[in-house]
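S.K.: The structure follows.
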Amino acid sequence: MIVIEKVFVNEIPLLHIMKKKYYDQKLPFILFIHGFTNAKEDNLYIAYNLAEKGFRVVLPDCLYHGERDEGYRNMDLDIRFWDIVLKTIDEIQMIKDYFKEKGLVNNNHIGLVGASMGGIVTLGALRKYPWINAAVSLMGMPYYQKFTQYKIDKVKKSGYQLPIKEEEIAHLIRRLEQWDLSEAPETLNNRPLMFWHSKQDEIVPYNYSYQFFETIKPLYDRTPENLVYISDENSGHKVSKLAMTKTVDWFATHLQQT
């Protein structure tokens with residue numbers, strides 16, 4: 001039987017999912033970060049399947065999302081994108097520590113997965129946290145600075161007047177460098193990493209994640225089984241059932257408790 005319970009870690013609402021018989025046991029631990037404008041409940045399908053495999057899975061609501069919604073919409077939410085990403089990276093540590101202090105986390109079996117914005121969070125967190133043992137990026141990319149410029153250029157081409165000054169944009173891009181995994185790919189340290197991305201993605205460019213994959217392949221020469229890129233031909237900006245299945249399989253292979 002799978003148990004789904006709501007927990008609050010400080011102000012962060014999250015869903016905690018595991019097999020009932022393992023409720024108070026130390027387990028491999030996976031955090032799943034949702035996408036932009038989504039919420040924790042949107043990833044219950046994949047979380048359930050991970051729990052069936054014996055993982056303890058946690059789904060938090062990111063800042064301004066789900067139960068933390070403060071009414072921001074459209075451009076008002078868009079301009080807070082990086083605040084949300086960076087806040088979530090900080091909160092990942094807090095959430096992991098909460099479950100670790102309760103004796104529920106196997107320290108050598110900690111995974112992180114995210115979709116879209118959550119995939120972007122995942123890749124930034126890999127640079128910051130060496131305690132992440134395996135990860136999956138679904139439609140994410142690591143080029144924080146380049147992606148910021150891409151989004152700004154896209155807004156300008158649409159004729160929309162940006163509500164922030166050029167100096168603020170320049171400051172943001174400089175600030176993002178410390179989380180940009182493309183600037184320090186050696187911090188991956190051969191940790192298992194799977195990418196899934198659709199070639200038809202119109203939100204997060206496919207070429208950004210694939211380019212990074214090609215760049216880091218030499219770093220995995222001795223452990224090629226730890227790096228995989230799965231290209232999708234038709235899904236667009238939507239995680240396919242195959243991507244969900246591959247994610248579960250990835251963690252079952254690289255994070256399963258022995």
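The values are calculated or read from the model by the stated rules, or taken from the named source; none is laboratory data. Note that the coordinates shown come from a computational prediction; the quantities given were computed from them, not determined experimentally. Using ideal geometry, Cβ is built from the backbone for each residue, glycine included, and neighbour counts are taken over all protein chains shown. Surface areas here come from the heavy atoms of the whole protein model, side chains and all, with no ligands, DNA or RNA. Shrake-Rupley method; radii C 1.70, N 1.55, O 1.52, S 1.80 Å.
S.K.: Could you list, ordered by first residue, the pairs with Cβ atoms under 8 Å in which the first is in region 228-245 and among the hydrophobic types (A, V, I, L, M, F, W, C) and the second is assigned to a loop (DSSP other than H, G, I, E, B) and open to solvent by less than 30 Å² (accessible area, probe 1.4 Å), at least 6 apart or interchain?
M.R.: Going by the 8 Å Cβ cut-off, the qualifying pairs are 239/139.
S.K.: For the subset of region 44-53 comprising residues that are open to solvent by less than 10 Å² (accessible area, probe 1.4 Å) and more than 12 Å from residue 114 (Cα to Cα), which member is nearest to the chain's Cα centre (by Cα)?
M.R.: So the residue we want is 50.
S.K.: Now for a separate question. In the set 98, 72, which member is of a type in the set (Ser, Thr, Tyr) and surrounded by fewer than 17 Cβ atoms within 10 Å (Cβ to Cβ)?
M.R.: The conditions single out 72.
S.K.: For region 101-124: of the residues being crowded, with 24+ Cβ neighbours inside 10 Å and of a type in the set (A, V, I, L, M, F, W, C), which is nearest to residue 29 (Cα to Cα)?
M.R.: Per the stated criteria, the residue is 112.
S.K.: Report, ordered by the first and then the second residue, all pairs with beta carbons closer than 8 Å, sequence separation of six or more or different chains, a first member in region 77-106 that is aliphatic (A, V, I, L, M), and a second member that is open to solvent by 50 Å² or more (accessible area, probe 1.4 Å) and assigned to a helix (DSSP H, G or I).
M.R.: Listed by first residue and then by second, the contacts come to 89/128.
S.K.: Looking at 169, 164, can you tell me which residue is β-branched (Val, Ile, Thr) and assigned to a helix (DSSP H, G or I)?
M.R.: 169
S.K.: State yes or no: is residue 3 of a type in the set (Val, Ile, Thr), modelled with pLDDT of 95 or more, open to solvent by 10 Å² or more (accessible area, probe 1.4 Å) and in contact with a strand residue (DSSP E or B) (Cβ under 9 Å, 6 or more places away or on another chain)?
M.R.: Answer is yes for this residue.
S.K.: Out of the residues in region 54-69 that are of a type outside the set (Gly, Ala, Ser) and open to solvent by 10 Å² or more (accessible area, probe 1.4 Å), which is nearest to residue 19 (Cα to Cα)?
M.R.: 67
S.K.: Quick one: which residue in 46, 152 is assigned to a helix (DSSP H, G or I), among the aliphatic types (A, V, I, L, M) and either modelled with pLDDT under 95 or touching a Pro at 6+ places or on another chain (Cβ under 7 Å) (or both)? First the steps, then the outcome.
M.R.: Details: 46 fails: either modelled with pLDDT under 95 or touching a Pro at 6+ places or on another chain (Cβ under 7 Å) (or both).
Selected residue: 152, the only one of 46, 152 that is assigned to a helix (DSSP H, G or I), among the aliphatic types (A, V, I, L, M) and either modelled with pLDDT under 95 or touching a Pro at 6+ places or on another chain (Cβ under 7 Å) (or both).
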